[in-house]
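Scroll down for the structure; my scribbles are underneath it.
The values are calculated or read from the model by the stated rules, or taken from the named source; none is laboratory data. All figures in this text were calculated on a predicted structure; none of them were measured in a lab. In this analysis, Cβ positions are derived from the backbone assuming ideal geometry, glycine residues included, and neighbour counts consider all displayed protein chains.
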Amino acid sequence: MNTEFRTAAVIGAGTIGLSWTALFAGHGLTVRVSDPRPDLAEAIQSALDEFTPHLAQQGLEVDGIADRVVIAADIADAVRDADVVQENGPENAEFKKDLFATLVREAPAHALLLSSSSAIPATAFTGGLADASRVLIGHPFNPPHLIPLVEVVPGGRTSDESVAAAVDFYRFVGRTPVVERKEIPGFVGNRLQNALSREAIYLVEQGVVTPEDLDKVMTNSLGIRWATVGPFLGSHLGGGPGGYRHMAEHIGKSMKKMWDGLGKPSQSPEEQERLIEAVEKAYGSSTYSELAETRDRKQIAVLSALDSAAKEEN
Ligand SMILES: NC(=O)c1ccc[n+]([C@@H]2O[C@H](COP(=O)([O-])OP(=O)(O)OC[C@H]3O[C@@H](n4cnc5c(N)ncnc54)[C@H](O)[C@@H]3O)[C@@H](O)[C@H]2O)c1
């Protein structure tokens, strides 16, 4: 399996594909992009204009980045020299089935074939392939040029060599890959996110807090904690010197009682409409670009602070 990465193909250049394109080119790869959207050239240009400063802030060499991004005539043209293919088309198993059959046929035999799919596991779209050994999920969080995690999820027929090569690749482009050994809908990150979102919607539906105040609770407490320690280390520390054992045997008992009472939002059409209007009332006076710019600026500040703290430790 390949361990040298020079050329990447990006298939599908929407929200995720454009961000991957910038990240890969920022790490010196030639990136060949395929997407039938008529405004592809403009979309790539504006993504590079927006994301290149983010990459420079992460210390990457961005000179000539645009020269490393090539618009391919079609999928076969995008993948013909690829060491790695990152697929970011519509979240639809039939689409991915057809596309991966083409990728297996057209990409070089050593190329890794990765899908950004948020919820569809590789096994769901590789059944018809004679060889699925190099197909697997590389699920990022939006935007992948900033958020480090990539969930690496092999399908039933993915080889161990491909899993190891995917880990190497994502490390090569500065990401933090985590290998998940069982396919489960939503993988790990989105399951955690959805468990939290379900309770957040419930609390707003019940009139306990407004969407804006719920976001304030999160960003002023768990958001900060979880950028530094995950839920398990957080609880280990929460137990004091007695650690996780003390936490589980002491406060854990009352926490467990709470599990039965966690919310199931009704999300009837009326409740959903009420929630949408409440979120729009909170944030609708700013444009998408303004909100995204603020989010990205703060995320870069957090990443840079964490990076400095890690350097101080070493
Ligand atoms: N948006 C997110 O937050 C997010 C996060 C992680 C993973 N993902 C996953 O990434 C994938 C892409 O999501 P997105 O949000 O970027 O979607 P998107 O709708 O923004 O982009 C999809 C792109 O695929 C293109 N496309 C359609 N048919 C194609 C074809 N035949 N060949 C090449 N390109 C084609 C479309 O023109 C579009 O530009 C999905 O599988 C999604 O689940 C999304």
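Can you tell me how many residues in the stretch 286-314 are among the acidic types (Asp, Glu) and touching a helix residue (DSSP H, G or I) at 6+ places or on another chain (Cβ under 8 Å)? Walk me through how you get there before you give the answer.
Residues of the stretch 286-314 that are among the acidic types (Asp, Glu), as a first pass: 290, 293, 296, 307, 312-313.
Still in the list and also touching a helix residue (DSSP H, G or I) at 6+ places or on another chain (Cβ under 8 Å): 296.
Selection size over the stretch 286-314: 1.
Consider the stretch 2-30. How many of its residues are touching a Lys or Arg at 6+ places or on another chain (Cβ under 6 Å) and either under 16 Å from Arg171 (Cβ atoms) or away from the ligand (no atom under 14 Å from the Cβ) (or both)? Talk me through it step by step, then tell me what you get.
Residues of the stretch 2-30 touching a Lys or Arg at 6+ places or on another chain (Cβ under 6 Å): 9, 25, 30.
Checking which are either under 16 Å from Arg171 (Cβ atoms) or away from the ligand (no atom under 14 Å from the Cβ) (or both) leaves us with 25, 30.
Selection size over the stretch 2-30: 2.
Checking the conditions here, which among Gly189, Gly223, Gly138 is surrounded by fewer than 16 Cβ atoms within 10 Å (Cβ to Cβ), under 22 Å from the mean Cα position of the chain (by Cα) and modelled with pLDDT of 95 or more? It would help to see each step written out before you state the result.
Numbers: Gly189 fails: surrounded by fewer than 16 Cβ atoms within 10 Å (Cβ to Cβ); Gly138 fails: surrounded by fewer than 16 Cβ atoms within 10 Å (Cβ to Cβ).
None of the others qualify; the one that does is Gly223.
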Requested in this report: Test each condition in (1) within 26 Å of Gly186 (Cα to Cα); (2) touching a helix residue (DSSP H, G or I) at 6+ places or on another chain (Cβ under 6 Å); (3) crowded, with 22+ Cβ neighbours inside 10 Å for Ala107 and report the one that comes out false.
Outcome: (1)
**Report entry** helices (runs of 4 or more DSSP H) fully within the stretch 1-90 counting 3 or more residues that are out of contact with any helix residue (DSSP H, G or I) (no Cβ under 6 Å at 6 or more places or on another chain), buried (at least 20 other Cβ atoms within 10 Å of the Cβ) and not acidic (Asp, Glu)
**Finding:** 15-26
**Report entry** Selection count where residues are within 16 Å of the ligand (Cβ to nearest atom), surrounded by fewer than 14 Cβ atoms within 10 Å (Cβ to Cβ) and farther than 15 Å from Gln58 by Cβ, scope the stretch 170-185
**Finding:** 2
Query raised in the report: Which residue out of Val150, Val85 is farther than 30 Å from Thr294 by Cα and assigned by TED's automatic domain parsing to the domain that holds Gly174?
Result: Val85
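Suppose we filter Lys216, Lys257 for residues that are assigned to a helix (DSSP H, G or I) and within 28 Å of Ala301 (Cα to Cα); which single one remains? Give the steps one after another, and end with the answer.
Details: Lys257 fails: within 28 Å of Ala301 (Cα to Cα).
It is Lys216.
Report whether or not Arg225 is in a helix (DSSP H, G or I), of a type outside the set (Phe, Trp, Tyr), farther than 19 Å from Leu262 by Cβ and touching a helix residue (DSSP H, G or I) at 6+ places or on another chain (Cβ under 7 Å).
Working: in a helix (DSSP H, G or I): yes; of a type outside the set (Phe, Trp, Tyr): yes; farther than 19 Å from Leu262 by Cβ: yes; touching a helix residue (DSSP H, G or I) at 6+ places or on another chain (Cβ under 7 Å): yes.
Taking the combined requirement at face value, the residue satisfies it.
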Query raised in the report: From the list Pro144, Pro148, which one is at pLDDT 95 or above and under 16 Å from Ser115 (Cβ atoms)?
Result: Pro144
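Looking for something surrounded by 11 or more Cβ atoms within 10 Å (Cβ to Cβ), farther than 30 Å from Asp49 by Cα and acidic (Asp, Glu) - is there at least one such residue anywhere in the stretch 248-261?
In the first step, residues of the stretch 248-261 are kept if they are surrounded by 11 or more Cβ atoms within 10 Å (Cβ to Cβ); the result is 248-252, 255.
So of that shortlist, the ones also farther than 30 Å from Asp49 by Cα come out as 248-252, 255.
Still in the list and also acidic (Asp, Glu): 249.
Yes.
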**Report entry** Residue pairs meeting the criteria (Cβ under 6 Å; at least 6 apart or on separate chains; first in the same structural domain as Gly14 (by TED's automatic domain parsing) and more than 17 Å from Leu136 (Cβ to Cβ), in the stretch 92-121; second within 12 Å of the ligand (Cβ to nearest atom) and in a loop (DSSP other than H, G, I, E, B))
**Finding:** Phe95/Gly89
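Has the stretch 260-268 got at least one residue that is of a type outside the set (Lys, Arg) and assigned to a helix (DSSP H, G or I)?
Quick first cut of the stretch 260-268, residues of a type outside the set (Lys, Arg) only: 260-263, 265-268.
Going one step further and asking which of them are assigned to a helix (DSSP H, G or I), we end up with none.
So far as the stretch 260-268 goes, no, none of its residues is of a type outside the set (Lys, Arg) and assigned to a helix (DSSP H, G or I).
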